[in-house]
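> Handing you a structure now.
The values are calculated or read from the model by the stated rules, or taken from the named source; none is laboratory data. These numbers were taken from a predicted model, which means no experiment stands behind them. Here Cβ is always computed from backbone atoms with ideal geometry, including for glycine, and neighbour counts include all displayed protein chains.
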Amino acid sequence: MSKTKEELLEELSDAVVDMDEELAASTAKEYIDEGYDAYDGISEGLVDGMNKAGELFEEEEYFIPELLLCSDAMNSGIEVLSPHIERSRSKDEKIVVIGVVQGDTHDIGKNLVALMLEVAGYKIVDLGKDVPPQAFVDKAKELNADIIALSTLMTTTMPRMKEVIDILKKENIRENFKVIVGGGPISQKFADEIGADGYSVNATASVRLAQRIVS
Amino acid sequence: MTSKDRIINAMKFKKVDYIPVMCKKRAVAPQTIGRKYDREFQLDPEAMAKSAIEIWKIVKDDAFCLGAGPAIQMGLGCDLNWPEDDHPSLKNPVITTKEEALKLEVPDIYSNEYMSAFIEAVRLLYKWAGDEVPIKIASYGIFNILSRLLGVERMMQWIIKDRETIQLLCDKINETMLKFAKEMRKEGALIYEIGDAMSGPALISPQIFKELSVPNHKAQIDGFKEMGYLTMLHVCGGEYPVIDQLQYTNADFLWFSELVDLSVAQKIFYKRFAVCGGVHPVDTLFVGGPEDVDRDIKELISGLKHKSGVIIMPGCGLSSNISIENLKAMAQATQKYSELAGKKVLTINN
């Protein structure tokens, strides 16, 4: 007997929360075979599961390993559904340019922030790690981004964050972008000192921060 | 009282003249001889030993510090990114499959240029400086090393999906570290400090910490203690969720991040395990100046109930851009304000 769209959306969500890649993929196939809308399958099924995983992370039931495996499950479902998407992206979609600053190669925190922001509906342009300050500015200008998100785990590379802001000021485009910062040694105090628009303590908090500063 | 006696007395909760202090200065040390904390420095035993002495002459804390992390990683074949003047970081994982994990070999210590250079550095340091001020080996722990072999994401995924391979790798890393530590101990090293944020609550759950981190840390720490080391363990990331479990690692000193109130940790563990930490590595030592350091140390020590059973340390490792003047101020302030420990007037509320 065919399952309803709602039943399958719930199964997709549960597969993500349960970190089950195979189930997420097989359920996604079943969902598409039933003729249901692929975009809804992602946004209301898989992403719903990832949001629940994010809540479990906030509640300290899930930690980094669990979050990564939930992400793997979500992505295995997206791989099945995304070729069937017909809708184009919303014109109101906010763009985030994100990366680890120059000199630093620690990227797990940045990757998790990018994941949670993407799940929340932001278009993510990930510049990777060891990114020169000018590269952040150039990409943000090119794409007319909304947010520049900077990450570092080392005190020696913290000054690169201020350099990004200084470049924006020098080019008289500081007001065009919101700049948010995060990482192990970073604090609200540091964010205020360098003139950043916000500081996020972890990946899930970054979503609330982004929503607040671009609303 | 020598620094060595001061530290041993602190560990045993015996009387100390002042609270011992260790400033975590290995990345800052090369500046004192006109060098940088880079790849070449890790291959230069004389530079490592000389700079350890020179920085100590300025800071005057209670240990010489040499950093063994890079040597261990290079000995195991890690592919590292070497900044101009800072701790190396992961460039590319070298183990991506179970088959590759099975092939990981315990290195021959003296055949590896980094490990043999480091042992020579310990030998020279002990020869030049003696043992009144102990030599502390600052090292990454098993899980930090594991993350450098696998990459952090793969390590996190395998911790849940392939615990067998993770344990196999932990065993090989531990065997390597014990072999290396034995040679360093022969040359005069006394304290072994394990920094292992990858095993801690910033990343993994307390349940996985109990199942995986604790037994591996204990196996390693027991091995170090059999060699005669005094052992320190740091799991970083705000240790309250696992604070009940740290005792089972059997470390002599539990070194806490700045996210844990050292006075609370001291109360919990007094007369059982000595505690270390208390100084904010960023807000105090990086952003602040000597007067801020002095003020923060005074406040920290004023909150402690006991003068013994504690070492004042930064809450985590320090980069090369920490001011030497701040480290000097940290040591001086600890010595100056030690008598304030236990002097706080108790009220109903505390």
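> Residues to consider are A:110, A:52; find the one that is within 30 Å of residue A:132 (Cα to Cα) and either in contact (Cβ under 8 Å) with a residue 12 or more places away in the chain or not assigned by TED's automatic domain parsing to the domain that holds residue A:12 (or both).
A:110
> Report, by residue number, each residue of region A:99-122 that is among the hydroxyl-bearing types (Ser, Thr, Tyr) and more than 11 Å from every other protein chain (Cβ to nearest Cβ).
Result: A:122, single match.
> Also, quick follow-up: Please state which one of A:196, A:210, A:135, A:140 is within 16 Å of residue A:97 (Cα to Cα) and not in a helix (DSSP H, G or I).
Testing whether each residue is within 16 Å of residue A:97 (Cα to Cα) and not in a helix (DSSP H, G or I) leaves just A:196.
> Out of region A:1-33, which residues are surrounded by 24 or more Cβ atoms within 10 Å (Cβ to Cβ) and either touching a residue at least 40 places away in the same chain (Cβ under 8 Å) or part of a loop (DSSP other than H, G, I, E, B) (or both)?
Scanning region A:1-33 gives A:12, A:15, A:16, A:19, A:24, A:27, A:28, A:31.
> Tally the residues that are surrounded by fewer than 24 Cβ atoms within 10 Å (Cβ to Cβ) and assigned to a loop (DSSP other than H, G, I, E, B), restricting the search to region B:28-71.
Counting residues in region B:28-71 that are surrounded by fewer than 24 Cβ atoms within 10 Å (Cβ to Cβ) and assigned to a loop (DSSP other than H, G, I, E, B) gives 7.
> Any residue at all in region A:78-88 that is assigned to a loop (DSSP other than H, G, I, E, B), of a type in the set (A, V, I, L, M, F, W, C) and more than 14 Å from every other protein chain (Cβ to nearest Cβ)?
Yes, there is a match, as at least one residue in region A:78-88 is assigned to a loop (DSSP other than H, G, I, E, B), of a type in the set (A, V, I, L, M, F, W, C) and more than 14 Å from every other protein chain (Cβ to nearest Cβ).
> OK, next. Could you check, for region A:143-151, whether at least one of its residues is in a helix (DSSP H, G or I) and loosely packed, with under 14 Cβ neighbours inside 10 Å?
Within region A:143-151, one or more residues are in a helix (DSSP H, G or I) and loosely packed, with under 14 Cβ neighbours inside 10 Å.
> Does residue A:178 qualify as being in contact with a helix residue (DSSP H, G or I) (Cβ under 7 Å, 6 or more places away or on another chain), away from chain B (no Cβ under 14 Å) and of a type in the set (D, E, K, R)?
It is true that residue A:178 is in contact with a helix residue (DSSP H, G or I) (Cβ under 7 Å, 6 or more places away or on another chain), away from chain B (no Cβ under 14 Å) and of a type in the set (D, E, K, R).
> Also, quick follow-up: Any idea which of B:287, B:242, B:235, B:275 is touching a Phe, Trp or Tyr at 6+ places or on another chain (Cβ under 6 Å), within 14 Å of chain A (Cβ to nearest Cβ) and of a type in the set (Val, Ile, Thr)?
One residue alone meets the criteria, B:242.
> Moving on. Only one residue in B:125, B:104, B:76, B:149 is modelled with pLDDT of 95 or more, touching a strand residue (DSSP E or B) at 6+ places or on another chain (Cβ under 7 Å) and more than 14 Å from chain A (Cβ to nearest Cβ). Which one?
B:125
Each row is one residue, and each column tells you yes or no for (1) of a type in the set (Ser, Thr, Tyr); (2) within 24 Å of the chain's Cα centre (by Cα); (3) farther than 21 Å from residue B:65 by Cα.
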position: B:102; (1), (2), (3): no, no, yes
position: B:106; (1), (2), (3): no, yes, yes
position: B:117; (1), (2), (3): no, yes, no
position: B:122; (1), (2), (3): no, yes, no
position: B:131; (1), (2), (3): no, yes, no
position: B:149; (1), (2), (3): no, yes, yes
position: B:152; (1), (2), (3): no, yes, yes
position: B:158; (1), (2), (3): no, no, yes
position: B:163; (1), (2), (3): no, no, yes
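> Another question about this same structure. Residue by residue through region B:191-237, note down the ones that are touching a Gly at 6+ places or on another chain (Cβ under 7 Å) and acidic (Asp, Glu).
Result: B:196, single match.
Residue-wise test of (1) more than 14 Å from chain A (Cβ to nearest Cβ); (2) part of a helix (DSSP H, G or I); (3) aliphatic (A, V, I, L, M); (4) touching a strand residue (DSSP E or B) at 6+ places or on another chain (Cβ under 8 Å).
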| site | (1), (2), (3), (4) |
| --- | --- |
| B:258 | no, no, no, yes |
| B:264 | yes, yes, yes, no |
| B:271 | yes, no, no, no |
| B:291 | yes, yes, no, no |
| B:300 | yes, yes, yes, yes |
| B:306 | yes, no, no, no |
| B:311 | yes, no, yes, yes |
| B:321 | no, no, no, no |
| B:330 | yes, yes, yes, yes |
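> If you don't mind, there's one more thing I want to ask. Could you check how many residues of region A:16-39 are within 19 Å of the chain's Cα centre (by Cα) and either modelled with pLDDT of 95 or more or not hydroxyl-bearing (Ser, Thr, Tyr) (or both)?
3
> State the number of residues belonging to region B:79-89 that are more than 9 Å from chain A (Cβ to nearest Cβ) and either assigned to a loop (DSSP other than H, G, I, E, B) or within 13 Å of residue B:104 (Cβ to Cβ) (or both).
Qualifying residue count for the region: 2.
> Against the condition in contact with a strand residue (DSSP E or B) (Cβ under 9 Å, 6 or more places away or on another chain) and over 29 Å from residue A:25 (Cβ atoms), how does residue A:126 come out, does it pass?
Judged against the criteria, residue A:126 is not a match.
> Looking only at residues that are in contact with a helix residue (DSSP H, G or I) (Cβ under 6 Å, 6 or more places away or on another chain) and over 23 Å from residue B:183 (Cα atoms) in region B:95-123, which one is surrounded by the fewest Cβ atoms within 10 Å (Cβ to Cβ)?
Out of the qualifying residues, it is B:98.
> Would you mind telling me which numbered condition in (1) modelled with pLDDT of 95 or more; (2) within 21 Å of residue A:60 (Cα to Cα) residue B:236 fails?
Of (1) modelled with pLDDT of 95 or more; (2) within 21 Å of residue A:60 (Cα to Cα), only one is false for residue B:236: (1).
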